[in-house]
Amino acid sequence: MQRVNFNLMESTVIRAHTETVGSLLRPQALLMARTSFAAGRLPLAEFKSIENKAVDEVLALQKEVGLDVVTDGEMRRLSFQSQMTEAVEGFGEVGLDAFIWGDWHDDDTLVPQKKKRPANLGITGRLRRKRSLSTEEFVYLRERTNRIAKVTLPSPSLFVNFWSLAHRPDAYHSLDAFLADVVAILREEISELIQLGARYIQLDAPHYPLLLDVATRAFYESRGWTMTEWLDRGIELDNSVMSGFSEVTFGMHLCRGNQGGRWLVEGGYEPIAEAIFKKVGATRLLLEYDDTRSGSFKPLRHIPEDKTVVLGLISTKRPELESIEVLLQRIEEAQRFIPVERLALSPQCGFSTSILGSSLSISDQKRKLELVSEVARRVWD
């Protein structure tokens, strides 16, 4: 049975049953090179060579384990969303702390962490795109694989993290005006990616499940919108980013935070499922489902017939390998709400959503990805 449509120039529908969400573990050599480059001790050309080698290694890994869709592992990024603040003027000096604040919990194997939101986060001026966010990533990836090459971009409303009227109110008179510019920048990026041959683009949107948590919801509502508005208007913004690009398949990834094996919130999808699943324009929904924190599969009943669900059943937070039998059983359970023809499989989230990595080793990562492919073969071949 043919599981993948590789003729992407003739079809905008991605048909694939295995993929990784986006990030993969960065090798130690790359992490050391990033530190040296930032300190001015490593020339740009040498740093790029080390970056390229890291991408080559994760591409070889994804090919070896047999994934249908591949990424560059986000090797060139500080965080899964940092390419926006690095490529766009108006965010000021932004470090890793801007992306990883919050109350991080664990499953009794790690020490919980509380990271405060940096007090100086804020817009420093009108947003202006200095360079592309991800075309370098895609071009390098495209030239080195004949598999489906996926590019990940952040959902626009993630950047409410930087919004406050207290910071440069002269730059933007409202949250709407600020996010409209974020949307415009993402649309410009997608247009360039499509011209370069991109046919699968994923928006990362962990902030929607974060609304399930009272404290996190309070932060978002303090920015000016209620939870209902965040769902309705946030989805409108996502759809504005994706609208009109018929050449490409869009995916959307939802999770509850993932950093160093820790998570931010818990709770099933039901309170947000109908709004997101039915209204968002993405046709592939990559949903975290690796443990009981994600709730049951019942919310999948809201998935329209034109959408595929990529079940994130394999954890990137724990090194222990899941049972094949249990995974097969869980896929059968999901079929109570959505047919197997509209299901696919992936890890629950990226393996390294920032340069901090996770508690897994590169060997653990390989075993997890091999498991994704093995389970998929048993279900769809």
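The numbers here are math on the coordinates, done by the rules we state, and not lab data. Predicted, not measured: the structure shown is a model, and the values here were computed from it. Cβ: placed from backbone, ideal geometry, glycine included. Neighbour counts: every protein chain shown.
From the Cα gyration tensor of segment 255-320, with a ≥ b ≥ c the square roots of its eigenvalues, which class applies: rounded if a/c is under 1.5, or else prolate if a/b is larger than b/c, or else oblate? Prolate is the answer for segment 255-320, as a/c is 1.5 or above and a/b outweighs b/c. Taking amide H atoms as placed 1.01 Å from N in the peptide plane, the amide H of V88 lies under 5 Å from those of K130, each 5 or more residues away in sequence or on another chain. Legend: P(r) of segment 147-209 from all alpha carbon pair distances, 5 Å bins from 0, whole percents, reading 4, 15, 22, 20, 16, 11, 7, 4, 1, 0. When peptides 90-97, 351-358, 339-346 are sorted by average Cβ neighbour count within 10 Å, with the highest value leading, the order is 351-358, 339-346, 90-97. Taking every alpha-carbon pair under 8 Å whose residues sit at least 6 apart, segment 28-380 reaches a relative contact order of 15 percent. Over all other residues within a Cβ to Cβ distance under 13 Å of P304, the charged ones net out to +3, with Lys and Arg as +1 and Asp and Glu as -1. Packing around the peptides 41-50, 238-247, taken as the average count of other Cβ atoms within 10 Å per residue, puts them in this order, highest first: 238-247, 41-50.
By the beta-carbon count within 10 Å of each Cβ, the least crowded to most crowded order of R126, R131, R147, fewest first, is R131, R126, R147. Start at zero, step by 5 Å, and the Cα-Cα distances of segment 114-254 spread as 2, 9, 18, 20, 19, 15, 10, 6, 2, 0 percent across the bins.
If the Kirkwood radius is taken over C-alpha pairs of segment 218-336, then at 10 °C and 1.306 mPa s the Stokes-Einstein diffusion coefficient equals 101 µm²/s.
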